[in-house]
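Quick notes on the structure that follows.
The values are calculated or read from the model by the stated rules, or taken from the named source; none is laboratory data. Model, not experiment: these values are computed from the prediction. Here the Cβ is made from the backbone with ideal geometry for all residues, glycine too, and neighbour counts use every protein chain on show. These accessible areas exclude ligands, DNA and RNA; they are computed on the full protein's heavy atoms, side chains included. Shrake-Rupley method; radii C 1.70, N 1.55, O 1.52, S 1.80 Å.
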Amino acid sequence: MKSMGIVILAAGKGTRMKTSTPKALVHSLGKPLIDYVLEAILDFTHSEKLEFDIGVVIGHKKELLEEWHQNHSQKNVMKLAWQREQNGTADALKACFNELPEFNSYEYTLIACADTPMLKASDFSRLFEQLKNNPSCIGVAATFEEKEPFGYGRIVRSQNGFHIVEEKDASEEIRKITEVNSGVYIVKTSHISEVLGKISNNNKSGEFYLTDLFQDSYEVSPVLFSSGENFLGVNTLEQLNTVSQIHLKEMIRKLQLSGVTFLRPETSYLEASVEIAEGAMIYPGVTLLGKTKIGAGSVIESGCFLKNAIVEENVQILAHSYLEDATIQVGASIGPMARIRPQTIIGKKAKVGNFVEVKKSHLKDGAKVSHLSYVGDAEIGEETNIGCGFITCNYDGVNKHKTIIGKNSFIGSDCQVIAPIEIGDQAFVAAGSTITKSVPSGAFAVARGQQITKEGAASRFLKVKKK
Ligand code: UD1
Ligand code: MG
């Protein structure tokens, strides 16, 4: 079994991003950039059946990366190394070898940067192949052609090997070179042990460059990849946007292959953690965030915004609805223009119609709140029908109170219930009632002013316009 120490460089300031978040933790589709690199690395180690360790070099705002590590599902396969001052990429590798001495004993060392989130396992495999197939070679760097190479290190090939010149240090002539350094390398660890300590910071930045692992006099080779897409580096917010758009396209393509229909895929925005089952249909202009899951056969119409929403099978979320931290069970229907707030469960085949807001409530199976209502801190029983313009008066200015309505009941239009309150099963509340006392099962309740009708009295009230 081959053994490999894998180092992810994530200590840099990311000055060019101009964000307060360290670059490694900046998100593409709601997921930190470093997680994309880590996933590709884990795929690679798995497919190559490697014995490995992963070291993440942290420095700038290291507490945030420590917190990320602490909460990570792959925490156990990663070790952190602290680069005290950000003196360049070679200094970062040195920090890893000093802090994690086991890295000295692996046969190979792979180095990748946390800011190249398009990397795929196959890129590492291809690079590794080149090194393994060439026994005299001691190190390889992935390179690609870039028409606008500004910012990248340039690959200067010579008869035996090559070296890399950074933008800042490059002459006019060298700046014209379009073969650039991707920042991904696999090197025999013995070579690193030999030369890492000798790298100087005698350059325009005054930094220790990892690229100096490669010199014309060493047995090293550049491996030219036909496309640079997987090596896109994120150094600015504009580059972040480019990368996010590619991630989104890739994600939607995978979902389409698994049987999800997007009516206009270019208008949908999804975060990486979203799951959508086969047979679901997504209309134009939909935003799906966080841990949202869409079940098989469900339809999400235009303009809907769902964050951490669990939508089970065959649910209809009609146009312009907003759902957050809620569960919508099989066959239910929401909207159009409904707002479902956190801690809400909408039961099987239940219905929430237009201009209805539901908060921290449970509508049980088959319950209906079809029009213009506010339901907060409530439980509404199976098959109960709530008429138009219903309001749970759940807040007394200090505390929130519960409303409980049983099953198979009927609440007429324009009712308010003053919580805390209970209405039983098969109860009937007449339209226009303000209910302040509980209503037992089977009871009829009406609470509204009595109607007085005076024949011929309308003229006293009708105003007539003077001509
Ligand atoms: C680097 C390469 C360049 C290559 C480019 C590809 C060097 C000197 N240059 O330049 O040849 O074309 O990547 O994207 O390596 N970092 C640390 N500690 C430090 C400095 C940086 O951990 O002291 C980390 C950063 O967090 C980042 C990575 O190293 O993840 C690369 O640093 P960055 O400043 O982005 O280097 P580039 O200028 O992109
Ligand atoms: Mg970079």
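In segment 96-130, what residues are away from ligand 2 (no atom under 16 Å from the Cβ) and among the small types (Gly, Ala, Ser)?
105, 121, 122, 125, listed by residue number.
Applying the selection to segment 395-405, what residues are open to solvent by less than 10 Å² (accessible area, probe 1.4 Å) and out of contact with any Pro (no Cβ under 8 Å at 6 or more places or on another chain)?
Of everything in segment 395-405, just one residue is open to solvent by less than 10 Å² (accessible area, probe 1.4 Å) and out of contact with any Pro (no Cβ under 8 Å at 6 or more places or on another chain), namely 405.
Run residue 49 past the list (1) over 22 Å from the mean Cα position of the chain (by Cα); (2) within 15 Å of ligand 2 (Cβ to nearest atom); (3) of a type in the set (Lys, Arg) and report the number of the one that doesn't hold.
The single condition residue 49 does not satisfy is (2).
Restricting to segment 12-39, what's the tally of residues that are in contact with a strand residue (DSSP E or B) (Cβ under 8 Å, 6 or more places away or on another chain) and touching a residue at least 60 places away in the same chain (Cβ under 8 Å)?
Summing the residues that are in contact with a strand residue (DSSP E or B) (Cβ under 8 Å, 6 or more places away or on another chain) and touching a residue at least 60 places away in the same chain (Cβ under 8 Å) in segment 12-39 gives 9.
With respect to residue 8, determine if the residue is out of contact with any Gly (no Cβ under 9 Å at 6 or more places or on another chain), within 14 Å of residue 113 (Cβ to Cβ) and either open to solvent by 20 Å² or more (accessible area, probe 1.4 Å) or within 9 Å of ligand 1 (Cβ to nearest atom) (or both).
no
Return the only residue of 427, 431 being buried (at least 22 other Cβ atoms within 10 Å of the Cβ) and more than 19 Å from residue 332 (Cα to Cα).
Of the residues listed, the single one that is buried (at least 22 other Cβ atoms within 10 Å of the Cβ) and more than 19 Å from residue 332 (Cα to Cα) is 427.
Return yes or no: is residue 212 within 14 Å of ligand 1 (Cβ to nearest atom) and in contact with a helix residue (DSSP H, G or I) (Cβ under 7 Å, 6 or more places away or on another chain)?
Yes, satisfied.
Residues being at pLDDT below 90 and either at positive phi or over 20 Å from the mean Cα position of the chain (by Cα) (or both): count how many of those fall in segment 17-36.
So the count comes out to 1.
Tell me whether segment 26-41 contains one or more residues that are in a loop (DSSP other than H, G, I, E, B) and within 13 Å of ligand 2 (Cβ to nearest atom).
yes
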